[in-house]
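First up is the structure itself, then whatever we jot down about it.
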Amino acid sequence: MAKRVLVTGASGLFGRAIYKEFLSDNSWETLGLAFSRAKESLKKLDITDENQVKEVINTFRPSVIIHSAAERKPDAVENDPDGTKKLNLSATDYICQAAKSIGAWVLYISTDYVFDGKSPPYDEDAKPNPLNKYGQSKLEGEKITLEASPENSVLRVPILYGDIEYIAESAVTILFEKIVKGSELIASDYEKRYPTHCDDIAYVIRQLADRRLQDPEKVHGVFHWSSNEEMTKYDMSIAMASAFSLSTENIKADRTPSKGAPRPYNTHLSCKKMEALVSGRQTPFSEGIKTVLQPYFNK
Ligand SMILES: NC(=O)c1ccc[n+]([C@@H]2O[C@H](COP(=O)([O-])OP(=O)(O)OC[C@H]3O[C@@H](n4cnc5c(N)ncnc54)[C@H](OP(=O)(O)O)[C@@H]3O)[C@@H](O)[C@H]2O)c1
């Protein structure tokens, strides 16, 4: 089968890492899609338009589609149910139907927020129970993907950080804005998270796609990938300050549940199924975050 991969959301925080990972391997022919941030290397395409989706898939004829585009900010999802339905559900359906018509494998990027966070660690077959509308919409997207074809796959990932285009782009690096200025930062010291470098997940995704083409019966259903470093946002803030020898005096711990859309307490993902298929890489948070934030230090 042709090694041809289509990456949706290739201009986003995670999609950029996935796109870059496939580009780094010349055995793959890679096409990245973007919308408002389309550049010369990325194709501009509105995935909420069924005809545009059909056309790109029928023309490029990928064997693998990594579907990363989504609305992923829980508060934005609560405030825009119609927009979220179009992007997270209808677009997923268009992609899966077009993929099915040409026999392409879809890997749908999902989230640890499909779990309620009450009984970690979560195996791949643990029962989801999302607490907020974002988690619900991503779980519905999973169902659309797996119902379109039992051959398709889902990959759930936790809170991400990686190369950023602006400091507020990820829910992790945004904390650095106040730290670097020395202003007071009240950071959640309640919910447990496992911040994971986008590049580490992109690395396992490319291997999984290779396995899928070599050994299709071994690669279907739900997968997880996550770091094992348990941290609250307060812990991440202290680690970011320490990475640049900045004062931690103004970083205050908030030991109450986060405000806004309800968040799960601890969604630690067990990754056994993926570990059996690929060789993983776990960048320590202190190292990964230093590299990511270096360009924003002394700016
Ligand atoms: N970030 C996290 O911490 C995190 C955690 C767990 C799971 N995830 C999941 O990971 C995936 C990627 O998240 P991310 O952080 O990369 O999100 P992101 O940075 O917000 O990127 C979203 C992407 O979707 C694209 N997009 C939006 N509307 C579109 C449309 N109508 N047509 C085509 N493309 C459209 C955007 O394109 P333009 O920018 O060019 O408009 C962008 O490339 C999502 O499925 C998310 O649920 C993310």
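The values are calculated or read from the model by the stated rules, or taken from the named source; none is laboratory data. Treat the numbers as computed from the prediction; the structure is a model and nothing was measured. Note that we place each Cβ from the backbone using ideal geometry, even for glycine, and neighbour counts take in every protein chain shown. For accessibility, only protein heavy atoms count, side chains too; no ligands or nucleic acids. Shrake-Rupley method; radii C 1.70, N 1.55, O 1.52, S 1.80 Å.
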### Task
Test V172 against the criterion of being more than 9 Å from the ligand (Cβ to nearest atom), touching a helix residue (DSSP H, G or I) at 6+ places or on another chain (Cβ under 7 Å) and modelled with pLDDT of 95 or more, and give yes or no.
no
### Query
So which residues in segment 281-299 are open to solvent by less than 50 Å² (accessible area, probe 1.4 Å) and touching a Phe, Trp or Tyr at 6+ places or on another chain (Cβ under 9 Å), if there are any at all?
F285, G288, I289, V292, L293, Y296
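Can you spot a residue in segment 140-159 that is within 20 Å of S36 (Cβ to Cβ) and within 13 Å of the ligand (Cβ to nearest atom)?
The answer is no; no qualifying residue exists.
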### Message
For the condition closer than 27 Å to V56 by Cα and in contact (Cβ under 8 Å) with a residue 12 or more places away in the chain, what is the one hit in L160, L146, L131?
### Response
L146
### Query
So which residues in segment 83-119 are of a type in the set (F, W, Y), under 28 Å from S270 (Cα atoms) and either open to solvent by 10 Å² or more (accessible area, probe 1.4 Å) or in contact with a Pro (Cβ under 9 Å, 6 or more places away or on another chain) (or both)?
W105, Y113, F115
### Message
I need the full set of residues from segment 161-179 which are among the charged types (D, E, K, R) and closer than 16 Å to T248 by Cα, in order please.
### Response
E177, K178
### Query
What's the number of the condition L31 fails, among (1) open to solvent by less than 30 Å² (accessible area, probe 1.4 Å); (2) closer than 17 Å to A209 by Cβ?
(1)
